[in-house]
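The structure appears below as structure tokens.
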Amino acid sequence: MEGFKGLVVILLSSVLVNNYVLSRFLGICPFLGVSKKLNQAVGMGVSVTVVMLLATLATWPIQHLVLDKFGLGYLQTIVFILIIASLVQILEIVLKRFSPALHQGLGVYLPLITTNCAVLGVAINNINDKFTFVQSLVSSLGCGLGFLLAMVLFSGLRSRIDESEVPKSFRGVAITLIAASFISLAFMGLAGIVDNLFA
Amino acid sequence: MLTDILSALAVVVSVGLFLGILLALFIHFLGIREDEKTKKIRDALPGINCGACGFKGCNDYAEALSKGNAKPNLCIPGAEATAKELGEILGVEVEQTKDFIAFVHCNGTCDVTSTTAIYDGVDTCRGRSMIYGGPKSCRYGCLGCGDCAKVCVSDAICIVDGIARVNTDRCVGCGMCAKACPKNIISMIPQHAATAVFCCNKDKGADAIKVCKRACIACRKCVKACPSEAISIVDNCAVIDYTKCTECGLCAEVCPTGCLQKVCFPDLPDNFSLN
């Protein structure tokens, strides 16, 4: 699994097989909270993708150039949280200044992502999987796209639920969680797809 | 041991310090300070984000106001008090606020219309209207499930005899009900309007009167009676132009079916609730 083929496998597996929301159950909060309408879901998904890429861009060098060198691997979590949180703040300031239109579209979601566990999860898992720098970037892009996919699918499902008559005891959060579990089950069907893709 | 603790401390502190300084620099050089005026304006607005002003919400309207892109008299729930306050903050003269209220263009109560089918689905107007336009004999009329009442911010709508009615005292004129109505039969009329058309049936007169005894049959008596030419027939239904209406009430007197009436509901229950 070297070179370009390896990168494709990483991308596909992080979108479909190891989907952060549906298989690893990270980032459930925005998944349930911002998936009511399609345009909001897309906005959130795109923002998370951008932040995941930026976070990997910043945390991978820190891990390998600073933490590993001094034998301080156990500080990973706290240092990564510091970096990601301030990165998102900086991104918001820059967007507000240079692209107010983009800030209106994505800006509202940025504060929500500041301490999103999916973003932190991507940064840490890239290190744990011993990915190279390029592989890490591809993997975080895949994870972001996977999050976007899950958000879009779920917002479609939720708009259908809104139109239908739900038994009284299942209304609201209950039916939302049940629907989420069904999507998650459906994604289990994709589990073997990547291993045999290039076999 | 001690060196381990110290080195860990040093790394975390230096990372934190570096990021802190970076953030401070970014805010100092690139940050946009929030306008004092915008904040003041937003505090003066009601903050219910109804969208009646035509902006996305109170924040959006406040920003447009502080940039001078909007007039201060657009806030309908806040009415004149808010407009006056906004005018003081902005230092401009305020024109009179436009007072609009919602009005349901239907008078087809249960006794003058009939049901053509038994409906047993999701009990909302939207659900009903999706199946052959609903179970009511008139395809245009109010279905009476209260989709409008559910979105009303001021509890101004109640269902009486199968028809949505707007309490003119309580209505703040936000227009949310007009957006929620699947039949599009709610429109905004001036608060001082004397008469209104209680029908929106666009079928020809003979067909309209078959499905509802109070339908507009487009007989044009009101058009002829109106001294100020404010009434016209559009798609077989009378329409009043309130910019020309002089509130004389002559049209209501000549209407043979009673679809043109005075706007007042003296028999509305004072403290009604939705069933």
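Descriptive notes on the structure:
- Some residue of segment A:77-84 being more than 25 Å from B:Ile32 (Cα to Cα), open to solvent by less than 10 Å² (accessible area, probe 1.4 Å), modelled with pLDDT of 85 or more and within 11 Å of chain B (Cβ to nearest Cβ): yes
- For segment B:109-120, the condition holds for no residue, the condition being that it is in a helix (DSSP H, G or I) and either in contact with a Lys or Arg (Cβ under 9 Å, 6 or more places away or on another chain) or closer than 20 Å to B:Asn201 by Cα (or both).
- Once segment B:100-128 is narrowed to residues that are over 20 Å from the mean Cα position of the chain (by Cα) and within 14 Å of chain A (Cβ to nearest Cβ), the residue that is surrounded by the most Cβ atoms within 10 Å (Cβ to Cβ) is B:Arg128.
- Counting only helices (runs of 4 or more DSSP H) that fall entirely inside segment B:1-99 and contain at least 2 residues that are open to solvent by 60 Å² or more (accessible area, probe 1.4 Å) and away from chain A (no Cβ under 14 Å), the qualifying elements are B:36-44, B:79-90.
- Test: residue in segment A:69-76 that is away from every other protein chain (no Cβ under 14 Å) and touching a Ser or Thr at 6+ places or on another chain (Cβ under 9 Å): no
- Flag for A:Leu102 being among the hydrophobic types (A, V, I, L, M, F, W, C), in contact with a helix residue (DSSP H, G or I) (Cβ under 6 Å, 6 or more places away or on another chain), open to solvent by 80 Å² or more (accessible area, probe 1.4 Å) and more than 10 Å from chain B (Cβ to nearest Cβ): yes
- Residue pairs meeting the criteria (Cβ under 9 Å; at least 6 apart or on separate chains; first of a type in the set (D, E, K, R), in segment B:99-116; second in a loop (DSSP other than H, G, I, E, B) and open to solvent by 10 Å² or more (accessible area, probe 1.4 Å)): B:Asp99/B:Ile76; B:Asp99/B:Gln191; B:Asp99/B:His192; B:Asp111/B:Asp161; B:Asp111/B:Lys213
- A:Ile93 being under 18 Å from A:Cys143 (Cα atoms) and either facing chain B (nearest Cβ under 9 Å) or buried (at least 17 other Cβ atoms within 10 Å of the Cβ) (or both): no
- Unique residue being closer than 28 Å to A:Ile183 by Cα, buried (at least 22 other Cβ atoms within 10 Å of the Cβ) and not β-branched (Val, Ile, Thr) when the list is A:Cys117, A:Cys143: A:Cys143
- Condition check for B:Ala79: under 20 Å from the mean Cα position of the chain (by Cα) and either in the same structural domain as B:Val172 (by TED's automatic domain parsing) or on the phi > 0 side of the Ramachandran plot (or both): yes
The values are calculated or read from the model by the stated rules, or taken from the named source; none is laboratory data. None of the values given here were measured: they were computed from a predicted structure. Here Cβ is always computed from backbone atoms with ideal geometry, including for glycine, and neighbour counts include all displayed protein chains. Ligands, DNA and RNA are stripped out before the accessible areas are found, and what is left, the full protein with its side chains, is counted by its heavy atoms. Shrake-Rupley method; radii C 1.70, N 1.55, O 1.52, S 1.80 Å.
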